[in-house]
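*Asks:* Take this structure first; my questions come after.
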Amino acid sequence: MDCLFCKIVSGEIPSKKVYEDDRVYAFYDIAPAAPTHVLVVPKKHIDGVDAVNAENASEVAYIFTVIPKIAESLGLKGGYRVVSNVGADAGQTVRHIHFHILGGKELGRMC
Ligand code: AMP
Ligand code: ZN
């Protein structure tokens, strides 16, 4: 499958790793939208939030047990935002489910 984030997970495309275990990989976003901007992805390919189902939901649940640990390791004591864009209207550019961790400043209200 020609998937950018599968290639990052496999190491075929380099990334700046923040966290890794047997199910999750996290790395710095190449175009940060906040002082701290990290992407968290399951190693198993899932297209997006719109492709979560009973079979793969455990990967997503597991990611949400890891996100607070990553945020703590990044020193985001003041809080952070977790975002997942779905489809064209939200501007999803990579069809491998990912969760943006954004922080390091007061982020303001969302649109
Ligand atoms: P989205 O637009 O929600 O699909 O998020 C995709 C994110 O991947 C964007 O914030 C991009 O800046 C980021 N991105 C694209 N290519 C890379 C890469 N090679 N390494 C790290 N982040 C990337
Ligand atoms: Zn993928």
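*Asks:* With the structure loaded, tell me whether Asn56 is modelled with pLDDT of 95 or more, within 11 Å of the chain's Cα centre (by Cα) and either within 15 Å of ligand 2 (Cβ to nearest atom) or surrounded by 12 or more Cβ atoms within 10 Å (Cβ to Cβ) (or both) or whether it fails that test.
*Replies:* It is false that Asn56 is modelled with pLDDT of 95 or more, within 11 Å of the chain's Cα centre (by Cα) and either within 15 Å of ligand 2 (Cβ to nearest atom) or surrounded by 12 or more Cβ atoms within 10 Å (Cβ to Cβ) (or both).
*Asks:* Just to verify a result, which residue in segment 1-25, among those that are in contact (Cβ under 8 Å) with a residue 60 or more places away in the chain and closer than 24 Å to Ala71 by Cβ, is surrounded by the most Cβ atoms within 10 Å (Cβ to Cβ)?
*Replies:* Phe5
*Asks:* With Ala31, Ala88 as the choices, which residue is over 14 Å from the mean Cα position of the chain (by Cα), under 30 Å from Met1 (Cα atoms) and of a type outside the set (Asp, Glu)?
*Replies:* Ala88
*Asks:* Could you grab me the full set of residues in segment 69-86 that are surrounded by 15 or more Cβ atoms within 10 Å (Cβ to Cβ) and part of a helix (DSSP H, G or I)?
*Replies:* Across segment 69-86, the qualifying residues are Ile70, Ala71.
*Asks:* Let me ask you something else. Checking the structure you have, find out if any residue of segment 77-88 is more than 9 Å from ligand 1 (Cβ to nearest atom), out of contact with any Leu (no Cβ under 6 Å at 6 or more places or on another chain) and over 24 Å from Cys111 (Cβ atoms).
*Replies:* yes
*Asks:* Follow-up question, since we're still on this one. Which ones in segment 56-76 are of a type in the set (D, E, K, R), over 20 Å from Met1 (Cβ atoms) and in contact with a strand residue (DSSP E or B) (Cβ under 9 Å, 6 or more places away or on another chain)?
*Replies:* Initially, segment 56-76 is screened for residues of a type in the set (D, E, K, R), giving 59, 69, 72.
Restricting the remaining residues to those that are over 20 Å from Met1 (Cβ atoms) gives 69, 72.
Lys69, the sole residue that qualifies.
The values are calculated or read from the model by the stated rules, or taken from the named source; none is laboratory data. Because the structure is a prediction, the values reported are computed rather than measured. Quick reminder, even Gly has a Cβ in these numbers, built from the backbone with ideal geometry, and neighbours come from all protein chains shown.
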